[in-house]
Amino acid sequence: MRTQNLLWKACVLLLFTLPSPISGKWKKIQKKESVYNILAYGARADGIRVNTKSIQQAIDECTKNGGGRVIVPAGKFITGTLYLKSKVDLYLESGAILSGSTSLDDYPGNRSAFSEGSNLSLIFAENANDISVSGKGLIDGNGHHPVFGRLDNHPKRPKIIFFIGCKNVSVRDLSLKNSAFWVQHYLACDQVEIKGINVYSHSNFNNDGIDIDSKNVTISDCIINTDDDALCFKSETRFPCENVKVSNCVLSSNCNAIKMGTASIGGFKNISISNCEIRLPLEDRFRNWSTRITGVTSGISTLAGIALEVVDGGFMDGIHISSVKMTGVQTPVFIKLGNRRPGKDQDGNDRPGSLKNVFIGNVQAKSNSLMSSSITGLPGADVENVKLENFTLEIPGGGTKNDADRTIPENESDYPENRMFGFSLPGSGLYLRHVKNVALKHIRFSSAKKDERSLLFFEDVKNVNIDALEATELAAESLGKFVKSRDIKLSGLGPGAKTIRVSTRENAFKILDKGLNIREGKIEEAANWTDLNGNQKKEVYEDPNESVNSRVKSLMSLMSLEEKVVTIHGSSTFTSGGVPRLGIPPVSMSDGPHGVRLRPLPGKKEIEGTVTYLPGGNALAATWNPELGYQYGKVLGLEAKYWAKDVLLGPGINIIRTPLNGRNFEYLSEDPYLISKIAVGYIKGIQDQGISGCVKHFATNNQEFKRNNVDVHMSERALREIYLPAFRAVVDEAGVNAVMGAYNKFRGQYCTHHEYLINTILKGEWGFKGVLISDWAAVHNTMEALKYGTDIEMGTPKKYFMGDTVVKLLKSGQVPVSLVDDKVERILTLMFKTNLFGKRDKGSIDVVQHQNIALKVAEEGIVLLKNKNRLLPFKADKIRSVAVIGALADYRHHGGGGSSRVPARYEVSPLEGLRNLAGKTLNLQYEPGYLIAKDSKADPEKIAAAVKAAQQADAVVIVGGWVHGYGEGMEQEKSPAYDAEGKDKTDINLPFGQDELIEAVLKANPNAAIVMMGGGVMDMRRWEPQAAAIIEAWYPGMEGGNAIANVLFGKTNPSGKLPVTFPKKLQDVPAHALGDYPGDPKTFKEVYKDDLFVGYRYYDTYHVAPLFSFGHGLSYTDFVYSKLRVEKQNEELLLKFSITNTGQVAGAEVAQVYTGYAKSSVLRPEKELKAFRKISLNPNESREVELRIKLSDLNYYQEIRKGWELEKGSLNLMVGSSSADIRLVQKVVL
C-alpha cells in the first residue's frame, strides 16, 4: 500500500510541476495598426448576398501586407468557406454575424495530409501561424438547413472552425451557434488559447462544442451547450493530444460533457480540467434518451459527465480532473479501455492501448439512470492507477435483483458509451472490471429510493485501497461485491482495516473464483449462483464460474433418459423441450434472416410488438461490405435478445443457382467467396450479442419447387468448391453455434439426417461442435436422425420421430445412449454459451441506431445498373416536377416471403421517400400504372394516365419489380407469389403488365429512371435498350424509400455491386442451359450438370454475354486503377495497386480480384473471385490498396485422392470493377 501511495504522489507531483501548456511560450497575436474592413472589399450585410470573395480578399490582403485585423462590422454577412492566413485576426464587432451559406457549392473540400475526407469548414486554416478569431460577434453555421442532411457523420456537413497544423492560435469572446457538424476542431496545432466563447449548437448530429487534437492548449471561461459532446479531446493521428488545461467552464451536452476519445491513435498526455460545472442542456432534438434507455428518469439528460476512452490503440496517461459539479447526467464517470481498432506491437500483432494514472477529485454529481459510474479494461489489459477522491454522488436508486444479478458482456470492440453494457450495471454506485491499483477515498453515496444492488461491484480488480466509504441505507443492498478480485484494503468502514487475500481451492496463485459481499465491514461469501433445481445446494452446472464443459457434464449426469429425449425435439412451433425439474428452459427460436419474426402470443391473433425490418439478403450482399454484415447481425442479435429469443434462424447462405428460386431474396450471392465474407460478419454480429446464429440450409437447397422431394446430384468438386465453402467459413471463422438441415435430398438421402454431409463433413472433417437443427418437419426417419447427426427435430408433427420412440429404443438397447448424449451435450453447450441459465441484458429493439443501419445497408446495396448520359443524379434545383409511376412506388413488403415476414414498425415506400426528400420543393405526381393482383394484366387506362403524367414532368421515376404476395404488409402472407417460400417463379417476366407500362412511359419521356425492386433478376429485353437509367434496389427494408430517394437525387452516391449475374434471358442461365432444373418430374432426381459453372463462372468461361455482369455497379464518379504489383510472401500472394477517384464527388469503389489459370490439368472456370475491398475516396484522392490471397484458397478438390491440391503453373491475377470489367492483369508462376 505504501508503494501505491507513493506512486500516486509522484504522478500528481509530476503533473503539476510540468510547464503550463502556454507559459513562457505563448506569443499573443499582436494587434496590428493595419485594419481591413470587409465593407471596403464589397461585402454587404443584407443577409442575402454571399460575401465569401469579398471577405477572403480582405484576409488575403491583410496577410500579404504583414498581418493585421480584418473587421467584420455589425450586420449579417452570408459567407462560404473563409481561409484564415498567418498573422490575421478576424475580428467580429458587437452585432456582427457571419452566417454560413446554405449552398454546398460554397464549401469546397480541403485535402490535408493530417485529415482524410473533404474537411468542410466555414473558417479553415492549415499551417498558418499567429491567427485569431475574436470579438463580440456571432458566427452562425445554419446547420439545421436540410441541405446539410442529418445522418451521423454525414460527409457534406461543414464545421464552423477547423484549424490544422497551426501555431499560436487564439479564439476569444465569440458566440458560435448552429453548426452543421463539429463546432470547432483544432487538429495538430500548437499553442492554442480558447477563452470566453459561448457555444450553442443543437441544430444537427455530431454537434461537438470543441474538438481538441493538439498540444499546449488552454481553454477557459467558456460556456458550451451542444447536442453532441461539449468538450471532446481526440487523437486521430500518430501525435498525442497533450499539455491541455481547462478551467472555469460551464458544459452542457445531450451526449458527453467531457470526453477523451474515441479516437485515441496517438494518445493523450498531461491533461488537467478544473472548476467546471456540468448542467442540463437546454433542448434535445434528436436523442430522447428517456424513451430509448430504460431507467433514465429525466426527459433531457447527459450520457456521461466525464468519459475517458481509449479504444483505437494509443494511450492515456496523466489525467487530472478536479472540482467538477454535475447535474442531470446518466453516468457521472465512464472510463473505458477497449479494442475497437487495436494498435500494433513491434512485431505487427494487434494490441490494445493503455489507460493509466487518472485522478478525479472533488466531484459533486447527481445522476438519473441505473448506468452507474464504471471503470473497465480488457481481459489481460487493465486500466491502471486510478484515484477517486472526495466524491459526493446522489444516485436515483431503484435497481432490482435482476439488475444486481446481470452478467455484463465484454463488448471489447463496441463503440464506447455508457450504455454499451446495457441499461443497468450490478453496482449501484461504481462498477469496476479489469482494473489494478485503485484508490477510493472519502466517497459518499445517497439515494432517495431503495436499490437492491451492491454499492460497489468489482470483477478482476487487483490492489484496491478504500478509505472512508459512506452510503445511506437506501443506496445499496450491501457495500460491495468482489468477484475474482484480490488485495483489497478497507478502512473507515468500522473498527480496523481488513486486507483480503483470497484464492481458489486448487491453486493459491489463481484469482478468486467466487464472490464476496462486504456488509458492515464483515466479509462473507456471496451467493453467486442461482438454485435452478431448488434443492438449496450449489451444483456445478449452477455455478457461472465453472467452465461450460464442466457445467454441461454436471447437468447431464442429473438427467434421466426421458429428460434427455425431451430436449432433442420441439415442444411448440418455435421452442425445443425444457426440463423444469432441473431448471432447463426451452430453447426459443425465431426466423430472422432480415428481421426477428414475431408470432402472436397464445390465444391472440395479432402480433404484439415491432422490429427493425432490414434489407433482404441479396441487398446486404450487394454492399460488398463485410463490416455492414457484422452491423446487420448485431441489430438482429440485440433485437432477438430483446424479444427473449435464443437462436436466430439465419442467415440463408445457399448458392443462388437459378433466378426462379422463390427464396433468392433471402440468400446472398452466386459466389461462395462473397457469401463467406458477408455471412461470417453476420454470424459474429449475432453471436457477439449472446444470441446463437443458425446458418441455413445445409446443403444444396437451391430451389423451392418440390423442395421436400428433389434429390440433388452433383460432382464432388462442385459440392466442395461451390456449395459448401460458405458453410465451412461460418464454422471455422465465425464459430457458428447452430446449423439448419435442408428439406431436399442429396444423393438419395435427406439432408437433415445425412451421413456424409453431417457426420463425415460437418461434424467430422470440419469439427463442428454446435447443434444441427432440422428444418421444420424435415425429419423423415428416426434411426437416420439418431445416427446421422440431427440434434433437434423441429416442426409441429402429430408425433415426433425423435420423441417417445427414442426412449423405447434406448431402453431396449437398440440404440446406444451415447448417440443421444452427443446431441444433448451439444444442445446444453449452446444453452450455456447463450446464457439461458443466467441473466441476460435486455437487448434493444427498433432504436434509431438500428434504423440507421437499415438505411446504410439499403443505400450501399442499391446498384446503379445503367446511367446513360449521366441522367442521374437528378438535380433538384434544375427540375420542378417529378412523375412517380408504378404501384410498387407506394407498396410495402415487410409482411411477405414466408419465414422472412416481420412486423416492421414502419416501412418507407419509394414514393414516401421521395416526398420526404423533395416533396416540399418539387411537384410530385403519382400514378400507379398497374394493379398488384393475381392474374393482373396491362391496364390501358392506367398506362394512359401514367404516360400523361410523364409527358408533363421534368423527370420520371418508374418503380417496378417483384412482390412477395398480393396485399400489403402482413396480408401478403395469405397469398404468396413470386418471391416467396415454398414456390419458385415460372419465368422471369415482370408481372402485372409492367413491361407495357415501362415501354409506353419511356416513349413519352426518355428522362426516366427505372427502379427495380424485389428478389433479383428480371427479363429487361423489351425496354432496357431505351432506358437511360436503371437502379436495382432489391427489398430495401424499412428505410428503403429514403435510400432510393437519396440515390436518385445524389444525396448518396451509389456504391452497390451485383452479387449475382443479370442474364439477358432465362435460357442463358447455366442451371437451365446446362443443368436439368427443376429435375425429373417422376423421380425428382436433379443432376447439377452446370457443375462448377454457376453464375459468372459460366458466362465468362462459355463466353455468354449477360445483360449486367457479376460485380457490376456504377457510381456518380469515376475510378482509375493503376500500379499493380504482386509479391509472394510465404503462403500468400500480396497484391498492391492504386485506385484514384477522378470525378467531382466522393464515392466508394469495390476493387475485385479474380484468378484464373492460363492452362489447367483439370476443368476450371476462367475467373474466380478470391479477394475484394470496398474503398471510399474523395475527389482526386488516390489510395494504395493491399489485398492478400492465401495459396490454399487457390486449391481445387482432387476427387480421386479426396483432398485439396494446389495446382502449379501460370496464374492470371485480374483486378477490376466487375467480373467483366478487368482493369489490371498480372501473371505469377506457382
Q) Rounded to the nearest whole Å³, what is the per residue volume of the convex hull around the Cα atoms of the chain? A) 181
Q | Relative contact order of the stretch 260-332, pairs being alpha-carbon contacts under 8 Å that are 6 or more residues apart, as % | A | 52
Q: Mind listing the long-range amide H neighbours of Ile123? Cut-off is under 5 Å, sequence gap 5 or more, other chains count too, H placed in the peptide plane at 1.01 Å from N.
A: Leu82, Ile161, Phe162
Q) In the stretch 748-785, which residues have a backbone nitrogen under 18 Å from the label point lying 7 Å from Gln814's Cα in the Cα-to-Cβ direction? A) 780-785
Q: Give me the Kirkwood hydrodynamic radius of the stretch 1119-1229, using the inverse of the mean 1/r over all pairs of distinct Cα atoms, in Å to one decimal.
A: 15.0
Q.
For the ranges 1199-1212, 660-673, 197-210, 160-173, what's the packing order if you count other beta-carbon atoms within 10 Å of each residue, average per peptide, and put the highest first?
A. 660-673, 197-210, 160-173, 1199-1212
(Q) Which of the three applies to the stretch 564-664, rounded, prolate or oblate, going by the alpha-carbon gyration tensor with a ≥ b ≥ c and a/c under 1.5 meaning rounded? (A) prolate
Q: Work out the FRET efficiency for Asn916 and Asp284 from their Cβ-Cβ distance, taking R0 = 22 Å, and round it to the nearest 0.05.
A: 0.50
Q. If contacts are Cα pairs under 8 angstrom and at least 6 residues apart, what is the relative contact order of the chain in percent?
A. 6
Q. Given a Förster distance of 25 angstrom, what is the FRET efficiency for Tyr415 paired with Ser323, based on the Cβ-Cβ distance and rounded to 0.05?
A. 0.25
Q. Based on the alpha-carbon gyration tensor of the stretch 260-303 and its eigenvalue square roots a ≥ b ≥ c, which shape applies: rounded if a/c is under 1.5, prolate if not and a/b is larger than b/c, or oblate?
A. prolate
Q) So how do 101-111, 1068-1078 stack up, highest first, on mean other-Cβ count within 10 Å? A) 1068-1078, 101-111
Q) For the stretch 548-833, what is the convex hull (Cα atoms) projected area averaged across all directions, in square nanometres? A) 14.7
**Q.** Relative contact order, percent, the stretch 28-223 [alpha-carbon distance under 8 Å, six or more residues apart]
**A.** 16
Q | Whole-number D in µm²/s for the stretch 855-1058 (Stokes-Einstein; Kirkwood sum over Cα pairs; 37 °C, 0.692 mPa s) | A | 196
Q: Evaluate 2.2 N^0.38 Å with N set to the residue count of the stretch 28-223, then give the Cα radius of gyration divided by it.
A: 0.92
Q. Per Stokes-Einstein, at 4 °C and 1.567 mPa s, what whole-number D in µm² s⁻¹ belongs to the stretch 600-751, with the Kirkwood radius over Cα pairs as the hydrodynamic radius?
A. 81
Q. Applying 1/(1 + (r/R0)^6) with R0 = 30 Å to the Cβ-Cβ distance of Arg1188 and Leu1074, what FRET efficiency is obtained, to the nearest 0.05?
A. 0.35
Q. Ranking Asp60, Asp877 by Cβ neighbours within 10 Å, fewest first, what do you get?
A. Asp877, Asp60
Q: Calculate one ³J(HN,Hα) per residue across the stretch 1212-1218 by plugging θ = phi - 60° into the Karplus curve 6.51 cos²θ - 1.76 cosθ + 1.60, and present them in order as whole Hz with x for glycine and proline.
A: 8, 9, 10, 10, x, 9, 6
Q) Exposure proxy check: Glu242, Glu1127 ranked by fewest other beta carbons within 10 Å? A) Glu1127, Glu242
Q | Gyration tensor (alpha-carbon) shape descriptor, the stretch 1049-1108, a/c threshold 1.5 | A | prolate
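Readers should treat all values here as calculations from the given coordinates under stated rules, not as data from a laboratory. Bear in mind that the values here come from a model prediction, so they are computed numbers and not experimental data. As a convention, Cβ positions derive from the backbone with ideal geometry for all residues, glycine included, and neighbour counts pool all protein chains shown.
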